[in-house]
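**Q** Take a look at the following structure, please.
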Amino acid sequence: MEGTDLLHRWPVSTSKVGLGNQAGSNRTPTGRHRIAQKFGASMPLGTVFRARQATEQRAVIHTDGTDVAEDLV
């Protein structure tokens, strides 16, 4: 935002268990946030990262709300 003008819009991932700031709660933290570092810009869609390092694993991307066992970000 610049004043009241919207400059950019990005899709975000939010938690199905709601909002919250407790570590380990799997809730979406509240407040304003700023991107500090970006990882994976040159990687193929679905690349799975562990400790900020790309793995050979590819995530299955569900667009129909299917629940998955792992919390892949």
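The values are calculated or read from the model by the stated rules, or taken from the named source; none is laboratory data. All figures in this text were calculated on a predicted structure; none of them were measured in a lab. Cβ atoms come from the backbone with ideal geometry, glycine included; neighbour counts cover every protein chain shown. Please note that ligands, DNA and RNA were not included when accessible areas were found on the heavy atoms of the full protein model with its side chains. Shrake-Rupley method; radii C 1.70, N 1.55, O 1.52, S 1.80 Å.
**Q** Send over a whole-number figure in Å² for the accessible area per residue of the chain, probe 1.4 Å.
**A** Heavy-atom SASA per residue in the chain reads 98 Å².
**Q** Name the residue from VAL48, ILE61, GLN22 whose Cα lies farthest towards the positive end of the charge dipole of the chain, charges +1 on Cβ of Lys and Arg and -1 on Cβ of Asp and Glu.
**A** Value: GLN22.
**Q** Shifting gears a bit: Accessible area of the chain with a 1.4 Å probe: how many percent of it is carbon plus sulfur?
**A** For the chain, the apolar C and S fraction of the accessible surface comes to 52 percent.
**Q** Let me ask something additional. Report the local net charge at LEU72: Lys and Arg +1, Asp and Glu -1, summed over other residues whose C-beta lies under 11 Å from its C-beta.
**A** Taking every Cβ under 11 Å from that of LEU72, the sum is 0.
**Q** Pulled fully out, how much extra length does the chain show between ASP64 and TRP10, if you take 0.36 nm times their separation in residues and subtract their Cα-Cα distance?
**A** Gain on stretching ASP64 to TRP10: 17.5 nm.
**Q** Please compute the length gained on full extension between ARG52 and GLN22, using 0.36 nm multiplied by the number of residues separating them and subtracting their Cα-Cα distance.
**A** Answer, rounded to one decimal: 8.6 nm.
**Q** Return the single residue from VAL12, VAL48, VAL60 with maximal mean-square fluctuation; model: Gaussian network over the chain, springs between Cα atoms under 10 Å.
**A** VAL12
**Q** While we're on this one: Please find, in a Gaussian network model of the chain (springs between Cα atoms separated by less than 10 Å), the residue of GLN22, GLN37, GLN57 whose mean-square fluctuation is greatest.
**A** GLN37
**Q** ³J(HN,Hα) across segment 31-40 via Karplus (A = 6.51, B = -1.76, C = 1.60, θ = phi - 60°), whole Hz, x for Gly/Pro?
**A** x, 8, 10, 10, 6, 8, 9, 10, 10, x
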